[in-house]
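Here is the structure we will look at.
The values are calculated or read from the model by the stated rules, or taken from the named source; none is laboratory data. Given the structure is predicted, the values throughout are model-derived calculations rather than measurements. Cβ sites come from the backbone with ideal geometry, for glycine too, and all protein chains shown count toward neighbours. Just the protein is used for accessible areas: all its heavy atoms, side chains included, with ligands, DNA and RNA removed. Shrake-Rupley method; radii C 1.70, N 1.55, O 1.52, S 1.80 Å.
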Amino acid sequence: RYFLCVYSQQMTIHTMDPSASDCTFTSEYAWCVPAYVVIIPKITGAISLICSAYLAKLMISEEKKKPYHRLLLNISIADVLSSSVVHIIGSWMMPAGTAPLSRGNLDTCDAQGFVVQIILITIPYLNASLSTYYNLIIRYNWSDSQIAKVEKNLHIIPWLLGVLFSIIVLVAKQIVPGTWGCWFGNTQYPPDCDSVETCVRGWNSSYYFWPIFVIILLGPLYVAGSMYLVYSSTRKMERRMTRYSVNASQNSSQRSRKVMEQSLLFSAALLITLAFPLVEIVIAELGKPIPIWIHVLFALTNPLQGMFVSQCGVACQLCSLPRIFT
């Protein structure tokens, strides 16, 4: 049995004796991760890659030229990048010996971590851009011509933020091996280093980790709040409509229900993929062992962002949302 043993203080990957029958918890190791936790993301990532590619194909079709289709196309491109580099390739780019199937070195680790950091910021903020779009057309009744004036910002700003912070963590040498890939984490590498001379990566990581972590967290919080405002605004509008038309009551109820469903699905597509990574970070920072079932749920849900967007009905339902109010 091949286990990954994660160092209790720095969260750096170690290799445990494959012949060991079980994980031995000592003062050095806080928890052990079975090898299948590293393999699962490659499978779920492949599923997500197919779904994201299919959604991208739909969004570039001739009949779909609306801003929301272009925003969904941008999200799909980011999901394809995430599925391929972060999850499918995954541990293959980690320094050899740090994880099952690891075949890389520090240079390949830096390359992967650079892309991972872009994705960590870009995907939440692209979702924030899409939720901003729906606020503009529903709450503020913007026309396509008005949206065209700000649409470039909705596309470009998330990618610029991702690239900017990726450059920061790369230059600061803050990219380290993680559970199934290299990323920017609150850790040091190698695990027993104690100075800037001996730490190859991750020295003073907390000074970088927490500010960027807060920036990443603002994305999904904005999405959740924005979708709530969309639904709340829609309900208020429909209540006014029912005062003047009896027949409007049933139609308005149906519209509100559709907006509510779309809002919940849209928010869930992002929040589900981030829930267990956030839980792992909190538990790790508390210095507690992470239950294996949380690792498994992380490995199952996090790579499936593309599938959730394309297959759970979020994208298709949101595509028709503007027509509900025309």
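List of remarks:
- Residue tally, condition aliphatic (A, V, I, L, M) and either touching a Lys or Arg at 6+ places or on another chain (Cβ under 6 Å) or in contact (Cβ under 8 Å) with a residue 40 or more places away in the chain (or both), over segment 60-85: 5
- A single member of Leu170, Leu161, Leu106 is touching a strand residue (DSSP E or B) at 6+ places or on another chain (Cβ under 8 Å) and modelled with pLDDT of 85 or more, and it is Leu106.
- Pair list, Cβ < 6 Å and 6+ apart or interchain, from segment 220-234 residues that are under 13 Å from Ile137 (Cβ atoms) to residues that are open to solvent by 30 Å² or more (accessible area, probe 1.4 Å) and of a type in the set (Lys, Arg): Ser233/Arg139
Per-residue answers, yes or no, for (1) in a strand (DSSP E or B); (2) on the phi > 0 side of the Ramachandran plot; (3) surrounded by 20 or more Cβ atoms within 10 Å (Cβ to Cβ); (4) touching a residue at least 24 places away in the same chain (Cβ under 8 Å):
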{"site": "Ile147", "(1), (2), (3), (4)": "no, no, no, yes"}
{"site": "His155", "(1), (2), (3), (4)": "no, no, no, yes"}
{"site": "Pro158", "(1), (2), (3), (4)": "no, no, yes, yes"}
{"site": "Ser166", "(1), (2), (3), (4)": "no, no, yes, yes"}
{"site": "Val176", "(1), (2), (3), (4)": "yes, no, yes, yes"}
{"site": "Trp180", "(1), (2), (3), (4)": "no, no, yes, yes"}
{"site": "Trp183", "(1), (2), (3), (4)": "yes, no, yes, yes"}
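- Yes/no for Gly202 being closer than 30 Å to Leu136 by Cβ, buried (at least 23 other Cβ atoms within 10 Å of the Cβ) and either out of contact with any Cys (no Cβ under 7 Å at 6 or more places or on another chain) or among the aliphatic types (A, V, I, L, M) (or both): no
- Among (1) β-branched (Val, Ile, Thr); (2) part of a helix (DSSP H, G or I); (3) touching a strand residue (DSSP E or B) at 6+ places or on another chain (Cβ under 7 Å) - the single one Val115 does not satisfy: (3)
- Among residues of segment 55-99 being β-branched (Val, Ile, Thr) and not in a helix (DSSP H, G or I), the one that is nearest to Trp159 (Cα to Cα) is Ile60.
Per-residue answers, yes or no, for (1) closer than 30 Å to Cys199 by Cα; (2) buried (at least 20 other Cβ atoms within 10 Å of the Cβ); (3) under 18 Å from the mean Cα position of the chain (by Cα):
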| site | (1), (2), (3) |
| --- | --- |
| Leu73 | no, no, yes |
| Leu81 | yes, no, yes |
| Val85 | yes, yes, yes |
| Asn105 | yes, no, no |
| Ala111 | yes, no, no |
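- Qualifying residue in segment 107-130 (condition: in contact with a Lys or Arg (Cβ under 7 Å, 6 or more places away or on another chain) and free of Cβ contacts under 8 Å to residues at least 40 places away in the same chain): no
- Sole exception among (1) open to solvent by 50 Å² or more (accessible area, probe 1.4 Å); (2) touching a helix residue (DSSP H, G or I) at 6+ places or on another chain (Cβ under 6 Å); (3) in a helix (DSSP H, G or I) for Glu151, by number: (1)
- Matching residues in segment 17-53 - criterion: being over 15 Å from Ile292 (Cβ atoms), modelled with pLDDT under 85 and charged (D, E, K, R): Asp17, Glu28
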